[in-house]
Amino acid sequence: MKEKIKEEIEKVLRENRLTLKSVILFGSRARGSHFSESDWDILIVLKENIHSFGKMRIRYEIYRALHKKFRKSSFDVFVKSEQEFNEETSVINTISNEATREGVML
């Protein structure tokens, strides 16, 4: 399923002419401590710097595509630019830090 998730994300980004840097699965599914009904925590890192509204729109489109394809799964989707991700990786209690510490690249 992980590869299919990444494919859906790549498809949405291609349609929006955005360049993917990485897709990181983090949280209980990355740790292997999930239950069958646990959500998928996904951080998408883009090469481009896009404004907040653009990130919200892309996040929504990816969220919608994933829910359409995987109806019985729940997703938490986060979108960051490469610059934001790099700035936050060493900041405790940020998504970027958590994804760096325990995440798995998809």
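The values are calculated or read from the model by the stated rules, or taken from the named source; none is laboratory data. This one's a predicted model, so the numbers in the text were calculated from it and none came from an experiment. Reconstructed Cβ throughout: ideal geometry from the backbone, glycine too, with neighbour counts over all protein chains shown.
If you check K72, K68, which single one turns out to be under 18 Å from N16 (Cβ atoms) and charged (D, E, K, R)?
Sole residue among the options that is under 18 Å from N16 (Cβ atoms) and charged (D, E, K, R): K68.
Residue under question is T19, and the condition is that it be among the polar types (S, T, N, Q), surrounded by 14 or more Cβ atoms within 10 Å (Cβ to Cβ) and more than 12 Å from the chain's Cα centre (by Cα); does it hold?
Criteria not met by T19.
Could you tell me which of the residues S73, S90 is in contact with a His (Cβ under 9 Å, 6 or more places away or on another chain) and surrounded by fewer than 18 Cβ atoms within 10 Å (Cβ to Cβ)?
The match here is S73.
Please find, among E37, E3, E48, E84, the residue that is of a type outside the set (A, V, I, L, M), modelled with pLDDT of 95 or more and on the phi < 0 side of the Ramachandran plot.
Unique residue meeting the criteria: E84.
Tell me, which residue of segment 77-99 that is in contact (Cβ under 8 Å) with a residue 12 or more places away in the chain and assigned to a helix (DSSP H, G or I) is farthest from L13 (Cα to Cα)?
The residue in question is E98.
Kindly state which helices (runs of 4 or more DSSP H) lie completely within segment 1-76 and contain at least 2 residues that are farther than 21 Å from N97 by Cα and basic (K, R).
Result: 2-15, 52-69.
Scan K2, K80, K47 and give me the residue that is under 16 Å from M105 (Cβ atoms), within 11 Å of the chain's Cα centre (by Cα) and either surrounded by 12 or more Cβ atoms within 10 Å (Cβ to Cβ) or among the small types (G, A, S) (or both).
Details: K2 fails: within 11 Å of the chain's Cα centre (by Cα); K47 fails: within 11 Å of the chain's Cα centre (by Cα).
Exactly one residue qualifies, and that residue is K80.
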